[in-house]
1. Examine region 50-67 for a residue that is over 16 Å from Leu16 (Cβ atoms), assigned to a loop (DSSP other than H, G, I, E, B) and of a type in the set (Ser, Thr, Tyr), and state whether such a residue exists.
2. Do you know which of the residues in region 115-157 that are within 25 Å of Ile5 (Cα to Cα) and among the basic types (Lys, Arg) is modelled with the highest pLDDT?
3. From Ser163, Ser194, Ser177, grab the single residue that is of a type in the set (Ser, Thr, Tyr), in the same structural domain as Asn11 (by TED's automatic domain parsing) and over 20 Å from Ala77 (Cα atoms).
4. Would you call Ile248 over 17 Å from His71 (Cα atoms), among the aliphatic types (A, V, I, L, M) and surrounded by 11 or more Cβ atoms within 10 Å (Cβ to Cβ)?
5. Among the residues of region 68-87 satisfying the criterion of being touching a helix residue (DSSP H, G or I) at 6+ places or on another chain (Cβ under 7 Å) and over 18 Å from Glu286 (Cβ atoms), which is surrounded by the most Cβ atoms within 10 Å (Cβ to Cβ)?
6. Can you tell me which residue is modelled with the lowest pLDDT among those in region 169-207 that are part of a strand (DSSP E or B) and of a type in the set (A, V, I, L, M, F, W, C)?
7. Just one of Glu67, Glu107, Glu103, Glu87 is more than 20 Å from the chain's Cα centre (by Cα), in the same structural domain as Lys172 (by TED's automatic domain parsing) and either under 21 Å from Asn176 (Cβ atoms) or acidic (Asp, Glu) (or both); which is it?
8. Do you know which of the residues in region 223-244 that are hydroxyl-bearing (Ser, Thr, Tyr) and surrounded by 10 or more Cβ atoms within 10 Å (Cβ to Cβ) is modelled with the highest pLDDT?
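The values are calculated or read from the model by the stated rules, or taken from the named source; none is laboratory data. Just so it is clear, the structure is predicted and the values come from calculations on it, not from any experiment. Because the Cβ atoms are built from the backbone with ideal geometry, glycine has one as well, and the counts that use them run over all protein chains shown.
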Amino acid sequence: MKIKILIPVFNDWQSLSKLLNNIDNEVQNINHEISIFIVDDASTFDRQLETEDLSNINSIKILLMKENRGHARCIAAGLKYILEKEEFDYVIPMDGDGEDRPEEIKEFIKTIENNPNKTIVGERVKRSEAFIFKLCYFFHKLITLVFTGHSIKFGNFTCLTKSTIEKLISEKATWNSFSGALTKVEKNKISIPSIRGERYFGPSKMSFSNLLKHSLSIISVFKNAVLIRSALFIIFYVYLIKSNATIIMLIPFILLLIMIYSISSLSMRENMDEFKDCLKNIASIENLK
């Protein structure tokens with residue numbers, strides 16, 4: 001099999017270097033062709049990568065983007081490029097900072113060997129962050145479930161079939177939220193347990209505000225379901241408080257309106273024309289190995 005590992009990066013070359021070495025060590029006994037695709041999201045730091053000693057990786061290619069578009073759109077552009085330009089059987093998108101653990105790549109490959117033509121998602125069973133972040137992440141999952149009807153316990157770390165990628169490339173939500181779009185287009189997928197690793201270097205970039213935006217971006221993929229559930233909530237809530245309404249009791253209603261406005265704004269990122277033209281943002285392509 002030909003397996004492409006897709007890694008978006010912005011400035012964090014030190015972590016990416018360590019990740020590439022760890023991937024090379026992990027795949028040494030795997031009898032498949034492993035290649036790396038890096039999408040450089042217009043980094044401002046000089047690139048420092050050592051690739052000469054990576055003997056178990058078949059090739060390394062880097063797409064240098066003209067403009068910074070963000071993590072999700074780097075993955076979307078990378079998937080589109082691989083689908084249109086490369087021969088492959090599966091693509092494994094993963095973060096480049098160590099939080100997606102390279103030792104789990106073998107588990108993905110074992111699973112697809114036993115379940116050919118199935119997309120696999122790494123379902124989070126344990127996280128390495130502090131308690132406050134874990135609590136916020138719990139509420140993120142809960143709110144997503146309540147307002148969309150979907151329990152989304154995975155991130156970018158997945159193993160995608162060609163047919164799934166074709167669906168993603170035809171779905172405008174992929175330009176906004178990878179995990180939301182994958183949940184929307186692919187019902188027939190398998191999950192395996194995945195432990196969230198620790199960043200190799202530096203603090204996590206997933207701040208509370210980034211987590212909130214991430215959560216609302218996922219929810220915005222299912223905005224029609226959100227509007228229906230929100231309307232039902234408002235009707236039920238008004239019925240409960242109508243005889244004893246106070247200003248304080250209006251707070252949930254106001255928060256819901258703010259959430260709906262935020263979701264509507266984020267859903268505007270689902271621009272299919274931009275998605276179709278995203279490869280025009282590639283400044284150059286380099287073969288590092």
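1. yes
2. Ranking the qualifying residues of region 115-157, first place goes to Lys118.
3. From the options Ser163, Ser194, Ser177, the qualifying one is Ser194.
4. Spelling it out, it is not the case that Ile248 is over 17 Å from His71 (Cα atoms), among the aliphatic types (A, V, I, L, M) and surrounded by 11 or more Cβ atoms within 10 Å (Cβ to Cβ).
5. Among those residues, the one meeting the criterion is Ala76.
6. Here the answer is Ile195.
7. On inspection, the qualifying residue turns out to be Glu87.
8. Top of the filtered list is Ser230.
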